[in-house]
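Bear in mind these aren't lab numbers, they're just calculated from the coordinates by the rules spelled out. Predicted model only: the values in this text are computed from it and were never measured. Here the Cβ positions follow ideal geometry from the backbone for every residue, glycine too, while neighbour counts run over all protein chains shown.
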Amino acid sequence: MTGAQGMARPADLRLRLVATVLAIACFSLLTTPWVAGCVLAAVLLVAWRMRPQARLWHRLLHVEGFLPLLFLTLPFTLPGAPLFTLGPLAASVEGSWRALLIACKVSASALLLMVMLGDVEPVRLGAALRGLKVNERLTRLFVMTVRHVGLIGEEARRLQDAMRARGFVPGSNRHTWRSTGNFIGMLLVRALARAQRIEEAMACRGYDGHFPLLPQPAPSVNDWRGFALLVGCAVAALGIDRL
């Protein structure tokens, strides 16, 4: 299983990141629903072999939750041969195929991103971006944003627990809107205070505006094989789609 995972996912995070971006770029250019469906099936097979954590599947559900809107709107808004009618509305065959195409491409891209990078810590991902010579300011902004989103989420949960402990029950009334406004204000104040404490802690550790860039080992042969396999399959799918 370890060897198969190495072929499907390069251990070197730099190659894994580039391969994922290139594969998703190829997926976005697909125009044939059956090719997109085959790509989705292949990614599902890879995900099944990799066996990602349950929380990663939970993240995927957030993306899939928006896809039913495609099937509820696109068939009725894209002109074409009628498939069925619903009162004054007529769903087109072209719109249904377009919704299916978009759903397959979005699902395949989100699932591939989850399998390849879903379990990577932001610090490691930031180091990989720096290894790829990405602008340091963008890398630093990405790492700090991910870090602060988690901290702000913790502060929001504490405030919500405090509101529930005081008997707050949300509703459609003036008290709810006023309490929500106070909640947002307190969340911003606490987030600012937490950011100031983090800045002081970083300054005490000698932070001068630059993250230390440690040398990274060169990718192994298996890493290059995994990179070539993923990118090659994505390019092959795009080539078949263009036939």
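Okay, here's what the table says:
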| item | result |
| --- | --- |
| Any chance residue 219 is without any contact (Cβ under 8 Å) to a residue 40 or more places away in the chain and either in contact with an Asp or Glu (Cβ under 7 Å, 6 or more places away or on another chain) or outside any helix (DSSP H, G or I) (or both) | no |
| Out of 191, 195, 162, 103, sole residue that is under 30 Å from residue 73 (Cα atoms) and of a type in the set (A, V, I, L, M, F, W, C) | 103 |
| Flag for residue 97 being over 18 Å from the mean Cα position of the chain (by Cα) and aromatic (Phe, Trp, Tyr) | yes |
| Yes/no for residue 180 being over 30 Å from residue 218 (Cα atoms), free of Cβ contacts under 8 Å to residues at least 12 places away in the same chain, β-branched (Val, Ile, Thr) and surrounded by fewer than 14 Cβ atoms within 10 Å (Cβ to Cβ) | yes |
| Unique residue being more than 30 Å from residue 68 (Cβ to Cβ), touching a residue at least 40 places away in the same chain (Cβ under 8 Å) and not polar (S, T, N, Q) when the list is 137, 158, 130 | 130 |
| Cβ pairs under 6 Å, 6+ apart, first in segment 72-97 and in contact (Cβ under 8 Å) with a residue 12 or more places away in the chain, second in a helix (DSSP H, G or I) and among the basic types (Lys, Arg) | 74/98; 78/98 |
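Each row is one residue, and each column tells you yes or no for (1) under 30 Å from residue 33 (Cα atoms); (2) part of a helix (DSSP H, G or I); (3) basic (Lys, Arg).
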{"site": "102", "(1), (2), (3)": "yes, yes, no"}
{"site": "111", "(1), (2), (3)": "yes, yes, no"}
{"site": "116", "(1), (2), (3)": "yes, yes, no"}
{"site": "123", "(1), (2), (3)": "no, yes, no"}
{"site": "147", "(1), (2), (3)": "no, yes, yes"}
{"site": "150", "(1), (2), (3)": "no, yes, no"}
{"site": "155", "(1), (2), (3)": "no, yes, no"}
{"site": "159", "(1), (2), (3)": "no, yes, no"}
{"site": "164", "(1), (2), (3)": "no, yes, yes"}
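Let's see how each residue does on (1) closer than 25 Å to residue 10 by Cβ; (2) of a type in the set (Gly, Ala, Ser):
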| position | (1), (2) |
| --- | --- |
| 142 | yes, no |
| 146 | yes, no |
| 166 | no, no |
| 172 | no, yes |
| 187 | no, no |
| 214 | yes, no |
| 230 | yes, no |
| 240 | yes, no |
| 243 | no, no |
